[in-house]
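Report on one structure; see the data block that follows.
Please treat every number below as a calculation from the coordinates, not as lab data. Model, not experiment: these values are computed from the prediction. Positions of Cβ are generated from backbone atoms using ideal geometry, with glycine treated the same way; all protein chains shown enter the neighbour counts.
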Amino acid sequence: MDRDILLGIAFLCGTWPALGLAAEDPPLSPASRDCLECHEEATPGVVADWRRSRHARTTVQAALAKPPASRRVSVGEAPEGTASFAVGCAECHTRDPDRHPDTVDHGDHRMHPVVTPADCAACHPVEADQFRQNRMAHAHGNLVRNPLFRDLMDQAVGIRSRDGRSLKVSDPGDATRADACLACHGTEVRVVGTVTRDTAQAGEMTFPVLSHWPNQGVGRVNPDGTLGTCSACHVRHEFSIAVARKAETCGTCHKGPDVPAYPVWSVSKHGVTVKSREASYDFDAVPWVPGRDFTAPTCAACHASELADASGRVMVPRTHRFADRLAWRLFGLPYAHRPPQGPDTTGLRSADGLPLPTALDGTPSPGLIDPAEGEARERRLATVCGACHGTSWVTGHFQKLHHVIEETNRQTRTATGMVQEAWARGCARGPGQGSPFDEVIERRWVESWLFYGNATRFAAAMSGADYGVFAEGRWWLTKTLQAMSEWLATCRARPSR
Amino acid sequence: MDRDILLGIAFLCGTWPALGLAAEDPPLSPASRDCLECHEEATPGVVADWRRSRHARTTVQAALAKPPASRRVSVGEAPEGTASFAVGCAECHTRDPDRHPDTVDHGDHRMHPVVTPADCAACHPVEADQFRQNRMAHAHGNLVRNPLFRDLMDQAVGIRSRDGRSLKVSDPGDATRADACLACHGTEVRVVGTVTRDTAQAGEMTFPVLSHWPNQGVGRVNPDGTLGTCSACHVRHEFSIAVARKAETCGTCHKGPDVPAYPVWSVSKHGVTVKSREASYDFDAVPWVPGRDFTAPTCAACHASELADASGRVMVPRTHRFADRLAWRLFGLPYAHRPPQGPDTTGLRSADGLPLPTALDGTPSPGLIDPAEGEARERRLATVCGACHGTSWVTGHFQKLHHVIEETNRQTRTATGMVQEAWARGCARGPGQGSPFDEVIERRWVESWLFYGNATRFAAAMSGADYGVFAEGRWWLTKTLQAMSEWLATCRARPSR
Amino acid sequence: MDRDILLGIAFLCGTWPALGLAAEDPPLSPASRDCLECHEEATPGVVADWRRSRHARTTVQAALAKPPASRRVSVGEAPEGTASFAVGCAECHTRDPDRHPDTVDHGDHRMHPVVTPADCAACHPVEADQFRQNRMAHAHGNLVRNPLFRDLMDQAVGIRSRDGRSLKVSDPGDATRADACLACHGTEVRVVGTVTRDTAQAGEMTFPVLSHWPNQGVGRVNPDGTLGTCSACHVRHEFSIAVARKAETCGTCHKGPDVPAYPVWSVSKHGVTVKSREASYDFDAVPWVPGRDFTAPTCAACHASELADASGRVMVPRTHRFADRLAWRLFGLPYAHRPPQGPDTTGLRSADGLPLPTALDGTPSPGLIDPAEGEARERRLATVCGACHGTSWVTGHFQKLHHVIEETNRQTRTATGMVQEAWARGCARGPGQGSPFDEVIERRWVESWLFYGNATRFAAAMSGADYGVFAEGRWWLTKTLQAMSEWLATCRARPSR
């Protein structure tokens, strides 16, 4: 066979890489070529991972030349000097060196190890801007700077030691917080010094010493002051849209009993269909076409991705502000509630003066979206459902969800009433007297809403069947309420203090 | 290259769809063409999903022309007027309109939204008939019309509110039941009215209003009176045999601690082998050949599928009556027992007068299969094992399972003796005096057999290793018995009522 | 098209098997041909599974001809008489018949059903030798011959029955042990007799009767006295390196709350990346190249596999002694500790005279590796990390892990102090007086280190995020300590015995 036929065949078969007949990869910038000179050997996995990425196989120019519907960059024109090069190491790690406190001299370049959303914004400004308005970007501060939530964290992970006849709770320390809650919520990464190391490739080199590093939390506070890290979902260094669209990616943080989105989805018809059929799906297509590219949605399909029908008509636009299609925040604090208006929730104050989106009696705090906005968001989500489900189906589904929100909130009221009675009777020390999260009755109260109320609602939202009953739902919720009631009976029987 | 060569190559490579060189898809019936005219736009995901299905790519005639061993329809000849068409929307959604109470006028057609096993039976009568005799088809009635089981459901999911110093259990309401137990067991779907909506494609249209809709429970009661829905496993609208053969599909309902078949399988050698190798399996082949099409079984391989060896010799025939290969019902109620003879279990009465397959002392109720039938079923299952395991292996496996059934039943006897003593002493109210499922000691009793006895047996049946010990098995079973024993000691210490 | 072009195309497309154009499979030995004559029919799944294996598709000679870096056999030359044949049934099942007590006459051959590491060593001697020095190979004896661990097993799985007003714990029996702990730790398989069966293919045949069979535990004691079974990970009869490299395989045994390596990995960035991208990975390549063959590691990549960079430079050599890259044994007994020096841990004695790697106050027992060796092992593991992570990242990661080891060990000290006070006060019977694992306070103590301490450490080791907090970590650890403290208060309030 002559070479043309062979090439034609190989291309058809997708086997050309196996022939060593490399496609024309775009050129690298001189700076990125410098990086590879050492890093092919220094961090071969990073380089090989990046070689698989779209960044390595295209130029910004080529990306901009695509029709708008399938364009993956949102900038108007290529950042200066980058248009005709692949997006290599230097394009991200040497961008704007002066605004990165972690910048160091590194060979002939000024390099910063911590790439931040500000760097990604060079080509993806719309996404970076939306993400800044996304509650997840504020996950660090929303936890750490809310005195109640911070107390819950410190009670959950504080070190217990014996102190005479009782247990003492000591500060867990920053390393424990970073390993625990802040693994997802994000640490605060600061430059705390420099260190000089001997490297095999370039002799002595100086590197920044970073606090609470490594961390891939979605709400990480970066040395340059930006919030979050795109690689929390677009995992380094392939930065793949396919990875971000897989439910597993969301599952890193949304898997525990407090926020069991991934396990619930896994047992839902959506999850089992994806798990059964994903080998035939196209997770990389832009736009993403329900029924053609996938037959059941992952998290991204419902909450983030731009979806279009086969003719190219856009059904919902892409968003990196994930509450855009959410009418409710199922995550009870302690009650499920309308989403807060802004991404920073530290300013919320409930009617009873707590930094919570709902008062202890369930009254929503000021600063949440209003019902009209909630309904608009639900209609937006219903548009996604409508790709595969008729109106009766979708309406019935949301009616059931609303019922379950109300049902579980009622039982949070029951649980809260019991812990309040315990506080009033002096059997436990409530807000103002001590931590509301450190005593037996209080921890059961937390479990009732944080684990079992949440799990029941997530199950209702995604039709997670048994997740709402025996696996992590109502069986445990009602059992917990019963245990609280028994505990309260012994409290009442005690002589008053 | 000339076009023939190109086509030949493209066909070999499986790349012809990418060339836009569509294979000859079979013609659609005029009615189905009408459907697509609007629904390509109205529900694009459904249409695209269906286009991936075998239904869209073949005709009943072609399906009937296959040799018996690889035939996927069980009807003798094509239903009238369908032989030469693809199986499109209308073939199912307009079949026998008069027997479907949810039929409405819809454009020029009379359409029913709820397709039922009676519709599928047009081409798959043997499967529909077997499924009718399958206990799963009766899952709704077997739960809801058994007063004891219904009480267990209502205690598990009933709404708790405070009533003076105690907790009141209120009726959970139909929406909660539908979201909880009936998500799997199936709701009762009835036509409760009609609604008129303005549609983008066809202006005002009238639709039936359905109770407890949507629902995909395997025991759903349909408007036409049939039981179950084929799409519980052959997920809409691809209706794929591959999806039904994946363990994830069964896992939708068989995943919680009461019936942990999926998680147990997942940690078994069978499960891990499938998870490791499934990319190389053929989940679509009929018949299905162990070793060639798959190297470790999913649920379907052992309990449902027709299996043959590579020469075509059938080892076990297909069944949609899933107890056909089951000698035992591991699911204890409260004891593991021989499967009931018929699929409707509401008529069972134990020696102590309860609507249970076993009395509280473990005596099997009348109406279960006899040991000879049990042994015949075990031999049938052993035939499947025999494809990959020698006789010593298989014999040893079942001996161990029998031992574990006996071991766990003995401990259910222990637990039941304790709750009975609590009832006798008046520390709890048992059958006849109140719900046997609402008090602390009673819920522990339920957990001992419903969660930990079951999990231990499922682990033994599938060699699920740690699932029978620390994950969900004996550690928790013996811990629960110990907690019951301690509770009983405090009961005994109380002055008698 | 002429046949050559067709073949060329088919080869390129990987479709040649579909054409029935079989590659030249190597010849079978006459003995293996004899086996297939009956077993194609007797155990078709086994035969078909083996046909997919590398064993069926290559000869020892061809395997030896590969360059060292990609060679999959470690023997110097082919075992006598096998060089030019595929590795078929007889090559393993009739090897060294006299050293296998389970050998029986089987047709014209002397066959043993239980293939052991001694058989595999014929071609893989280095791996067999390393595995013999691997702690896992000793998993049976390390559990069963350590009186404390054996007591923990028997308390966990012993049968509870009622004995007057208390619960009696009976010996669980060998079948229960085999189904429970020994499913992973391995049973002792002995020949206990013979049985004659009528076979469809060869009439009456005699087979050995084996005790505690089947079993696939990694520490199985074989009839020939060898330890372990290679097929625990290289699952029969495909014996695939790809399967052994999948995390699911390790997950069979490393999944429960005591040793949640698999679930923690699953929620880690490594796990979610693998789950998202594995369809594009090459799990079969030798050597294995990070970034090219996979972009995130499974268990094998970090703990066992030979890794090289794309130029072929070996980063770490293969090992079947899995502690080679482990500086710590995170699995607390009860404290996390340096790994024992040898694989047989039954000889360890703590300062307080217990057969444990650490005393009850946390002091390490003699016989553990020293810190220098620990640091060397950590550097070896860090080399693997270094493929994809810079030095700051890796250093920061291990610092956090060291902190969490210390943090959790401190809390094990707290828990142990409480159970010791209970023993001292006579509220429970400790070592010397009774089982230290059978009473309520003792089981909570066990859960504090065996479940929650372990899970927290595993989560820190693999960045398993929420696994170290709500899912199975600190929330439950601190809750358990609190429950122990409350229990102890009631103990103190009792009149002294």
Report the Rg/Rh value for the stretch A:331-426, based on alpha-carbon coordinates and the Kirkwood definition of Rh. 1.07
Which values, in whole Å and largest first, are the semi-axes of the equivalent ellipsoid of the stretch A:234-274 obtained as the square root of 5 times each eigenvalue of the Cα gyration tensor? 21, 14, 4
Treating the angle as unsigned and between 0 and 90°, give the value, to the nearest 10°, between the Cα long axis of helix C:3-13 and the longest Cα principal axis of chain C. 10
Members of C:LYS66/C:LYS275; A:LYS479/C:LYS479; B:LYS275/C:LYS246; A:LYS255/A:LYS479; A:LYS255/C:LYS269 lying beyond 20 Å, as alpha-carbon distances in this model show: C:LYS66/C:LYS275; A:LYS255/A:LYS479
A:LEU368 long-range amide H proximity, modeled H, under 5 Å: A:GLN341
For the stretch A:49-167, just say rounded, prolate or oblate: build the C-alpha gyration tensor, square-root its eigenvalues into a ≥ b ≥ c, call rounded for a/c under 1.5, and beyond that prolate if a/b exceeds b/c, oblate if not. prolate
What whole-number distance in Å separates the alpha-carbon centres of the stretch C:96-138 and the stretch B:150-184? 58
With a point put 7 Å past each Cα toward its Cβ, work out how far B:ALA279 is from C:VAL192 in nm, to one decimal. 4.3
Estimated vicinal HN-Hα couplings, Hz - the stretch B:103-109 in sequence order (Karplus 6.51, -1.76, 1.60; Gly, Pro = x): 5, 9, 6, 8, x, 8, 10
How long are the semi-axes of the equivalent ellipsoid of the stretch A:245-368, defined as square roots of 5 times the Cα gyration tensor eigenvalues? Whole Å, largest first. 33, 17, 10
Shortest-first nm distances, C:THR346 label point to equivalent points in other copies (7 Å, Cα→Cβ): 6.0, 6.0
Tabulate in residue order the Karplus-calculated ³J(HN,Hα) for the stretch C:298-308, using 6.51 cos²θ - 1.76 cosθ + 1.60 with θ = phi - 60°, rounded to whole Hz; enter x for Gly and Pro. 8, 3, 4, 4, 7, 10, 9, 6, 6, 10, 9
Quick check on the stretch C:255-328: take the gyration tensor over C-alpha atoms, sort the square-rooted eigenvalues as a ≥ b ≥ c, and tell me if it's rounded (a/c under 1.5), prolate or oblate. oblate
In Å and on Cα atoms, what radius of gyration and Dmax does the stretch A:205-249 show? 12.6, 40
Give or take rounding to whole Å, what are the principal axis extents of the alpha carbon atoms in the stretch A:180-264, in descending order? 50, 25, 20
Let a ≥ b ≥ c be the square roots of the eigenvalues of the Cα gyration tensor of the stretch B:365-468; is it rounded (a/c under 1.5), or, if not, prolate (a/b larger than b/c) or oblate? prolate
So for the stretch A:133-232, considering every pair of alpha-carbon atoms, how many percent are separated by more than 17 Å? 60
Quickly work out the B:ALA65-to-A:VAL126 label distance, labels modelled 7 Å from Cα along the C-beta direction, and quote it in nm with one decimal. 5.0
Taking the convex hull of the alpha carbon atoms in the stretch B:94-144, what volume per residue do you get, in Å³? 83
Rg over Rh of the stretch C:25-65, using C-alpha atoms and the Kirkwood radius, what does it come to? 1.01
Using R₀ = 30 Å, calculate the FRET efficiency as 1/(1 + (r/R₀)^6) where r is the Cβ-Cβ separation of B:SER311 and C:ALA83; round to 0.05. 0.40
Provide the packing ranking of B:239-247, A:196-204, C:276-284, C:178-186, i.e. peptides ordered by the mean count of other C-beta atoms within 10 Å per residue, highest first. C:178-186, B:239-247, C:276-284, A:196-204
Considering the Cα positions of chain A, please state its Rg to one decimal place and its Dmax as a whole number of Å. 25.8, 98
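If each residue's Cβ is checked for other Cβ atoms within 10 Å, how do C:GLU406, B:GLU188 rank with the fewest at the top?
C:GLU406, B:GLU188
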Starting at the first residue of the stretch A:385-394, write each ³J(HN,Hα) from the Karplus equation 6.51 cos²θ - 1.76 cosθ + 1.60 with θ = phi - 60°, in whole Hz, x for Gly and Pro. 4, x, 4, 10, 10, x, 4, 4, 4, 5
Which cross-chain or sequence-distant (5 or more) residues have an amide H under 5 Å from the amide H of C:ALA351, H modelled 1.01 Å from N in plane? C:ALA359
Got the C:PRO97 label distances to the other copies yet, label 7 Å along Cα→Cβ, in nm, shortest first? 7.6, 7.6
Separation of the stretch C:361-415 and the stretch A:35-88 by C-alpha centroid, Å? 37
Starting from the exponent 0.38 and prefactor 2.2 Å, build the expected Rg for the stretch A:242-493 from its residue count and divide its actual Cα Rg by it. 1.10
Amide H of C:GLU188 versus every other amide H placed in the peptide plane: which residues, excluding those fewer than 5 positions away on the same chain, fall under 5 Å? C:VAL221
Neighbouring Cβ atoms within 10 Å as the yardstick, rank C:GLU306, C:GLU127, C:GLU77 fewest first. C:GLU77, C:GLU306, C:GLU127
To the nearest 10 degrees, how steeply does helix C:474-493 sit against the main Cα axis of chain C, on a 0 to 90 scale? 40
What is the distance in Å between the Cα centroid of the stretch B:190-251 and that of the stretch B:426-497? 38
Report, to the nearest 10°, how far helix C:147-157 tilts away from the longest principal axis of the Cα atoms in chain C, using its own Cα long axis and a range of 0 to 90°. 90
With N denoting the number of residues in the protein assembly as shown, provide Rg(C-alpha) divided by 2.2 N^0.38 Å, to two decimal places. 0.91
Determine which residues of the stretch C:406-437 fall in the zone a paramagnetic label at C:ARG494 would reach in this model, i.e. backbone nitrogen under 19 Å from the point 7 Å along Cα→Cβ. C:416-437
Where the Cα atoms of the stretch B:152-311 are projected onto their three principal axes, how long is each span, largest first, in whole Å? 64, 56, 28
Partner chain Cβ atoms within 10 Å, averaged over the residues of C:212-223 - can you pull that number for me? 2
Using a Förster distance of 25 Å, how high is the FRET efficiency between B:THR206 and A:HIS402, based on the Cβ-Cβ distance and rounded to 0.05? 0.50
